[in-house]
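Have a look at the structure below, then the notes.
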Amino acid sequence: MNVLTEYAAEALLLIFLIITFLQSGLDKILDWKGNLTWLIGHFSQTPFKNFVPALLFILTVTELAVAILCGIGLVQLLMGNGNNMAFSGAVVSCLALLMLLIGQRIAKDYDGARTIVVYFIPAIFLVFLLQ
């Protein structure tokens, strides 16, 4: 059977995560100051207020790691070499989304938290497919 048709859902979900996290990670790098300024205000009334730069750095590294893992995983999957990297990318994407979710909930940005769930559903479904 053709690998692409056998793993079409997994490949499409990996592409979705690559686009999502590569764009987000690169945006944080290319507009670090703008993102940091906005986030400092967003978390000014939370326990995270003194840790925003460190948390932004951790999130940026995590998002870029997701994009890299999913990219390698996509190639690995399509070449018929297993799904270890794809699975790792999917799991780390869920962890990144959970980091974002806790931040939004603590900041009491419930609309933002709801948006994170929209991304979490396909990510957790990919974990399920790759298990």
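Read-outs throughout are calculated quantities, based only on the coordinates presented, and are distinct from any laboratory measurement. No experiment lies behind these values; they were computed from the predicted model shown. Cβ atoms come from the backbone with ideal geometry, glycine included; neighbour counts cover every protein chain shown.
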Just to check I understand the Karplus step: with θ = phi - 60° and J = 6.51 cos²θ - 1.76 cosθ + 1.60, what whole-Hz values come out for region 52-62, glycine and proline as x? 4, x, 5, 5, 5, 4, 4, 5, 4, 4, 5
Just to confirm the number: angle between the C-alpha axis of helix 110-130 and the first principal axis of the chain, 0 to 90 degrees, nearest 10? 20 degrees
So how tilted is helix 32-42 from the main axis of the chain? Cα-based, degrees 0 to 90, rounded to 10. 60 degrees
What do you get for the angle between helix 8-30 and the principal long axis of the chain? Use alpha-carbon atoms, 0 to 90 degrees, nearest ten. 30 degrees
Before anything else, pin down the relative contact order of the chain: Cα pairs under 8 Å, at least 6 apart, normalised by residue count, whole percent. 30 percent
Modelling each spin label as a point 7 Å along the Cα-to-Cβ direction, I'd like the THR46/ILE19 distance in nm, to one decimal. 2.7 nm
Fully extended contour minus Cα-Cα distance, from LEU4 to LEU129, at 0.36 nm per residue: 43.5 nm
nm² value of the averaged projected area, convex hull over the Cα atoms of region 16-63: 3.3 nm²
I'd like to compare 109-122, 51-64: which one has the highest average count of other Cβ atoms within 10 Å, and what's the full order after that? 51-64, 109-122
Residue by residue through region 86-94, the couplings from Karplus 6.51 cos²θ - 1.76 cosθ + 1.60 with θ = phi - 60°, in Hz, x for Gly and Pro, are 4, 4, 4, x, 5, 5, 5, 5, 5
